[in-house]
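One structure below.
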């Protein structure tokens, strides 16, 4: 049996006999290619299953995030997102050679960049929470970001400064539309919301719900509380309070509300089970 068959294709840069040079000696491939480090220069860019915008969006890059490109095909670059390890095709036009090292990240849910140090000038964006930016100057309440423009300084926080409450971060996304493969403020899915909240708190987090189900330690439903994670097959939510308090609520991005919403845990359990997805598969504490 080919050992490469046991590698998770979502996070293993291997396809059609081509692999990243980093996998040489670990997986079987016809050719191993060096990666080229690039940076996302768009507010957000999809990582797709195929080199086609009409193909499934599996993940996203945010502004300033690194992408290790391996091969170009039809206006897309196949490679691996460095922040969460996801492999796929990103639009070539959204990537460029790395600029200065990031000094700040976007701490607001979203912000705009202005062409001049004036909020009346042309705006671009929005740039979502956890985008990585390099501030090169400040003027009043605005900070000049390399490759973007002037952003509200209060919407940025220095690299290494983090939130402490993932549930509180997730609540700030309330009403954001549900978007498969999304992890930006204009649209995100269940695991994208968890990942955004954890990144804002300085915690490493994989992309998909089944991967996130390995985080932390297992707890019982009776112990489920604020900041804990509840999992179903293919879905995840974040606890807001204990089941005995206010009925026990969760915040989650979901296809039923088509948005980030707060829902009583018991109501979600009944609804999701009735829809055929079964009972929760586990509760985890980070």
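For the peptides 191-202, 91-102, what is the packing order when you average, over each peptide's residues, the other Cβ atoms within 10 Å and list the highest mean first?
191-202, 91-102
When 36, 144 are ordered from fewest to most other Cβ atoms inside 10 Å of their Cβ, what list results?
36, 144
On a C-alpha basis, how far is the centre of region 1-61 from the centre of region 162-185 in Å? Whole number, if you could?
Cα centroid of region 1-61 versus Cα centroid of region 162-185: 26 Å apart.
Between residue 161 and residue 118, what is 0.36 nm times their sequence separation minus the Cα-Cα distance? Round to one decimal in nm. Could the numbers behind the result be given before it?
Numbers: separation 43, 0.36 × 43 = 15.48 nm, distance 2.67 nm.
Full extension of this stretch gives 12.8 nm more.
Sorting check: for 175-181, 26-32, which peptide has the highest mean count of neighbouring beta carbons within 10 Å, and how do the rest follow?
Listed from highest to lowest mean packing, they are 175-181, 26-32.
At a threshold of 8 angstrom on Cα-Cα distance, excluding pairs fewer than six apart, so keeping six or more, what relative contact order does the chain reach in percent?
Computed value for the chain: 12 percent relative contact order.
Given axes a ≥ b ≥ c from the Cα gyration tensor, I'd like to know whether region 173-286 is rounded (a/c under 1.5), prolate (a/b larger than b/c) or oblate.
Rounded is the answer for region 173-286, as its axis ratio a/c remains below 1.5.
Of the listed values (i) 79, 56, 45; (ii) 61, 51, 32; (iii) 61, 41, 36, grab the one calculated as Cα extents along the principal axes in Å from the structure here.
(ii)
Determine, from the Cβ-Cβ distance of residue 26 and residue 96 and an R0 of 30 Å, the FRET efficiency 1/(1 + (r/R0)^6), rounded to the nearest 0.05. It would help to have the intermediate numbers written out before the result.
On the way: r = 30 Å, r/R0 = 0.99.
Efficiency, from the Cβ-Cβ distance: 0.50.
Under the rule a/c < 1.5 gives rounded, and otherwise a/b versus b/c splits prolate from oblate, where does region 64-194 land using the Cα gyration tensor? Could you put the intermediate results ahead of the total?
On the way: a/c = 1.71, a/b = 1.18, b/c = 1.45.
Oblate, because a/c is 1.5 or more while a/b does not exceed b/c.
Mind ranking 38-50, 108-120 by how tightly packed they are, going by the mean number of other C-beta atoms within 10 angstrom, highest first?
Order by mean packing, descending: 38-50, 108-120.
Residue 277 to residue 16: extension gain in nm, 0.36 nm per residue of separation minus the Cα-Cα distance? Mind showing how you got there, number by number?
On the way: separation 261, 0.36 × 261 = 93.96 nm, distance 3.35 nm.
Result for the pair: 90.6 nm of gain on full extension.
Given points 7 Å out from each Cα along the Cα-Cβ axis, report the residue 56 to residue 218 separation in nanometres with one decimal.
About 2.7 nm, to one decimal.
Just so you know, all these numbers are worked out from the coordinates, no wet-lab data involved. Please read all numbers here as calculations on a predicted model, not as lab measurements. Counting neighbours? That spans all protein chains shown, and the Cβs are built from the backbone with ideal geometry, glycine included.
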